[in-house]
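The values are calculated or read from the model by the stated rules, or taken from the named source; none is laboratory data. Source: prediction; values computed, not measured. All Cβ positions, glycine included, derive from the backbone under ideal geometry; neighbour counts span all protein chains shown. Ligands, DNA and RNA are stripped out before the accessible areas are found, and what is left, the full protein with its side chains, is counted by its heavy atoms. Shrake-Rupley method; radii C 1.70, N 1.55, O 1.52, S 1.80 Å.
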Amino acid sequence: MVRYVYDFTEGSRDQAGLLGGKGANLAEMTGLGLPVPPGFTVTTEACRAFLAAGELPQDLSRQVVLALRQLEKRTGRRLGQADDPLLLSVRSGARYSMPGMMDTILDVGLNDTTVHGLAKHSGRERFAWDSYRRLIQMYGSTVMGVDEGLFAEALARAEKVRGTTGGQQLGTRDPGELVAEFKAIVRKATGTDFPQDPDEQLEQSVLAVFRSWNGERARVYRRRERIPDDLGTAVNIQAMVYGNLGPDSGTGVAFTRDPATGRAGVYGDYLPDAQGEDVVAGIRNTVPLQDLRDIDSLSYERLLAHMELLEEHYRDLCDVEFTIERGRLWMLQTRIGKRTAQAAFRIAAELVDEGRITWDEALLRVGGTQLTQLMFPRFDQRASGRPLAHGIPASPGAAVGQVVFDSAEAVRRATAGERVVLVREETTPDDLPGMIAAQAVLTSRGGKTSHAAVVARGMGKVCVCGADDVRIDLTRRRFTTGAGQEVAEGCVVSVDGTAGTVHLGALPLVDSPVMRYLETGERSAGPAEAVERVLQQADAVARLEVRANADTPEDAARARRFGARGIGLCRTEHMFLGGRRRLVEDMILARTDSERQCALDALLPLQRADFVGILTAMDGLPVTIRLLDPPLHEFLPDRTELAVRIASAKAAGRVPDDREVRLLEAVERIREQNPMLGLRGVRLALTVPGLTAMQVRALGEAVVARVRAGGDPRAEIMVPLVGTQEELRVVREQVETTLSEVFTAAKCTVQCPVGTMIELPRAALTAAGIARYADFFSFGTNDLTQTTWGFSRDDAEASFFAPYFDQGILRASPFEKLDEDGVGRLIRTAVAEGRAARPGIKIGVCGEHGGDPDSIHFFHATGLDYVSCSPFRVPGARLEAARAALPSAGREGHSTA
Ligand code: PEP
Ligand code: MG
């Protein structure tokens, strides 16, 4: 019989896969002797079984009843007991934290009878009815599918009549009045009564949590966070404790370090006389955790001691949720806390300094994507002027965008290419699509632990919350500031998530300190210092080398400052653009060999100068120069424009320009249905006489010039889009002939390896043969992905990836994250065959995937020698190369529950 239920006294934090993050950590805290309300966890395996079969797995109900009996014994109360009922919370808890994305039902066990028992036992009648009201609301909407808005409206009406706000216990003459109204809402909406049987409530609540795994918002969240869809959620069933039993009760969220900056020292929010959900929802404004010292010093000291123990035990920033019930502290949850990128680096470095973790562990706690985030710009302080509004700096960074007031509008404008700032009173999980679409989120209510703050921080998105002088008028689509200024939808604002301010208009942005450090070596305290130390360690650990894709001396120099160990791809076609395009046109239009040679001769000195610049910037490091790749008509003017000009000239009785006529002829001649699969890459080298010789001569002469100038040029020549070894054999001969001419004439001997890109499936499958003529391989994973999948890299992403994501056919774009099963298999084959045929052959990758964290781990595991990526991704790639070399490297952002 499969075991589906574990008591909190049985599990441990290592079982997050089975018990979910929350369940595993509750068990861990229980094991540590912390005051956790007793309870048990229904496993993710049970959820998976339910999702697969559409019904609860056999024996689950029996196991739940057994665990419940244990719980009743321990608490001395029974579910449904009339005079003093056991009440339960039923909460979701998946392997990876998905804050607020699934369902929770509290106060399970209340009904028309037990509500009196709770009232009597707690001595608070209003509290008991309010709890019952909350249960009907949560159960009604999540289990019975009643429109949540119906309850919210009824609640708002009641609050208006009685002059209370924010779901506080209603000061009503008849405390059961709202319960009666809520029950009537349920009956009217569903045709059935709110169930009075506590066992039924419990079973249905568990089912609802299971189902919420596949709810809309959970699916959207998973897609964004790349959490697999098949994990399922666990369900935690726990004895209720109450923070809303008067001034000696309350609830809060706390962190062992500041999750925004990483600064050491406890930090958090407390809300007296409230339930946990009130804090997360940001419904009422919280007080700083430090205030708890005055409110209830004993609980405060205990909490600090528990947090100290947790940080010591987990050796990382922990966040906790706690409740104080009439002066008694209960720990409701802990986990390794989410943090901003900036905080992640600082905490990792400081934990090493404190002797709590090793550098290897520190490297596993930060990631390349976070590092890239820290390279984003921020606002120029001096230009910031008087802010429109102030709020809580909930997630740092700087963003500019048009104000929008709802999620749908945010998505609409973002899809149309606008940058938007989502402005809401507070956010709910339903706002998730809008938050993803927005550059920044601004709320007028809620604190650093509100939904908006938690989710934005997780996404690395700028967020200012609790800006309570911002009053939103949804009907007129505008907000008014404290000073009376009106800001309409569509107005551009700048949001400073580090300062917590909002400014009218687009403020100028400046580079981040991390970028400044990377660019200049100028180090400042804070994130730049932590990043520097982390990168130093990373370089010592990494086996994969990181090179850059760069086509100009400036990019090459920047890449070198960012730590690139050479250039893995210099796309020479980028040197043929601008004013030089005319020279390429001349080459294409040439009618005779000598005309063509003339055009090539004109291009040669320009190419040579480019190469000299790049070899200078990368002196002493390898520079892989790729022969011309794209189809030639990319260098010619637009066909329609040319045709129109020629036709207009004719219509006006003028003789059309001869060059334009010839250009049009050339465009017609070399136009292709499918240029990506046409006359490009090595095929150009083999069909345009003199082209390869010109490029190689330019490079050879640049190498000679650098040697004569005392430099150490390390040029490598790379042939693109090879499909058969014969192509490479012929081109290699041409290359070697030209190089030997140049070097002999210059009386200079320099080694210039000649290699090839592997970017066609055939090349990968025949790598052994190709390796005969290749000194190195570089995987062009952009083309290799396109040709393996049969997806056009120009069209697929825009045309049909969205429905593919929606239907779960694709989880990530294979153009961003390497498709390990398909493209990866070709790579593994090519590596094995290439190395067998030519032991020690150098192998790298220069497609976009070379800068993608997940893909870098694959390239490391596959035994590549280097990855090459755009200069801005180099620091992140250095870090990921190190992480990949460490045992048990987790997926970034998900390495903790
Ligand atoms: C590739 O195909 O992966 C590659 C690096 O070449 P390009 O993107 O220039 O085709
Ligand atoms: Mg390519």
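Of note:
- Dipole check for region 72-239: with +1 at the C-beta of Lys and Arg, -1 at the C-beta of Asp and Glu, and the Cα centre as origin, the magnitude is about 560 Debye.
- Prolate/oblate/rounded call for region 72-239, Cα gyration tensor, a/c under 1.5 rounded: oblate
- Evaluated with a Cβ-only charge set (Lys, Arg +1; Asp, Glu -1), the chain carries a dipole of roughly 1080 debye about its Cα centre, given to the nearest 20.
- You can think of it this way: the chain between residue 816 and residue 789 has 8.4 nm of extra reach, that is 0.36 nm per residue less the Cα-Cα gap.
- Spin-label model distance (nm) - residue 121 vs residue 619, 7 Å beyond Cα toward Cβ: 8.1
- Accessible-area value, residue 670, 1.4 Å probe, nucleic acids and ligands omitted, Å²: 40
- Modelled FRET efficiency - R0 22 Å, residue 380 with residue 552, Cβ distances, 0.05 increments: 0.25
- Estimated FRET transfer efficiency when R0 is 60 angstrom, pair residue 199-residue 797 (beta carbons, to 0.05): 0.75
- Taking a point 7 Å from the Cα of residue 687 along the Cα-to-Cβ direction, the residues of region 640-666 with backbone N closer than 17 Å to it are 665-666.
- Given charges at Cβ of Lys, Arg, Asp, Glu: region 508-551 dipole, positive-most of 512, 541, 527: 541
- Selection among 210, 220, 235 by position relative to the dipole of region 202-241 gives 220 as farthest towards the positive end (Cβ unit charges, Cα centre).
- In this structure residue 211 has an accessible area near 120 Å², from a 1.4 Å probe over the protein heavy atoms.
- Within-15-Å neighbourhood charge of residue 553 [Cβ basis; K, R +1; D, E -1]: +1
- Helix 216-225 vs. the chain, principal-axis angle (Cα, 0 to 90°, nearest 10): 40
- For the residue pairs 160/461; 747/842; 160/188, alpha carbon separations beyond 25 Å are given by 160/461; 747/842.
- For residue 311, net neighbour charge (Lys/Arg +1, Asp/Glu -1) across residues whose Cβ lies under 12 Å away: -3
- Sorted largest first by accessible area at a 1.4 angstrom probe radius, with every protein chain in place, the residues 12, 450 fall in the order 12, 450.
- In the assembled protein chains, residue 475 presents an accessible area of approximately 130 Å² (probe radius 1.4 Å).
- Under 5 Å, built H, 5+ apart or other chain: amide partners of residue 758: 778, 779, 780
- Extending 7 Å from Cα along the Cβ direction at residue 709 and again at residue 419 yields two label points whose distance is 3.7 nm.
- Note: relative contact order over the chain, using C-alpha pairs below 8 Å and six or more positions apart, is 10 percent.
- Given in Å, the Rg to one decimal and the Dmax to the nearest whole number for the Cα atoms of region 851-891 are 9.4, 28.
- Karplus 3J(HN,Hα) series, Hz, for region 638-655 with 6.51 cos²θ - 1.76 cosθ + 1.60 (x for Gly, Pro): 5, 4, 5, 4, 4, 4, 5, 4, 5, 5, 5, 4, 5, 4, 7, x, 9, 7
- Estimated 222 nm signal from helices in the chain, with DSSP H stretches of n ≥ 4 weighted -39500 (n - 2.57), rounded to 500: -13500 deg cm²/dmol
- Inter-probe distance in nm under a simple model that places probes 7 Å from Cα toward Cβ, at residue 308 and residue 61: 5.0
- Sequence of 352, 209 when ordered by accessible area, the most exposed leading, probe 1.4 angstrom: 352, 209
- Of the peptides 687-698, 188-199, the order by per-residue mean of other Cβ atoms within 10 Å, starting with the highest, comes out as 687-698, 188-199.
- Length released on extending from residue 14 to residue 75, taking residue separation times 0.36 nm less the Cα-Cα span: 19.3 nm
- Full extension of the chain between residue 153 and residue 745 gives 204.3 nm of extra length, using 0.36 nm per residue less the Cα-Cα distance.
- Which of 862, 592, 769, positive extreme of dipole for the chain (C-beta unit charges): 592
- Cα gyration tensor, region 376-510 - rounded (a/c under 1.5), prolate or oblate: rounded
- Accessible area, probe 1.4 Å, largest first, for residues 503, 116: 116, 503
- Helix axis angle, 148-162 relative to the chain longest principal axis, alpha carbon, degrees: 50
- Normalising by residue count, the chain has a Cα convex hull of 202 Å³ per residue.
- Pairwise FRET efficiency - residue 285 versus residue 641, Cβ, R0 = 45 Å, nearest 0.05: 0.15
- Look at where the Cα atoms of region 510-576 and of region 53-129 average out, and the two centres are 55 Å apart.
- Student exercise, region 310-365 dipole from Lys, Arg, Asp, Glu Cβ charges, in Debye to nearest 20: 260
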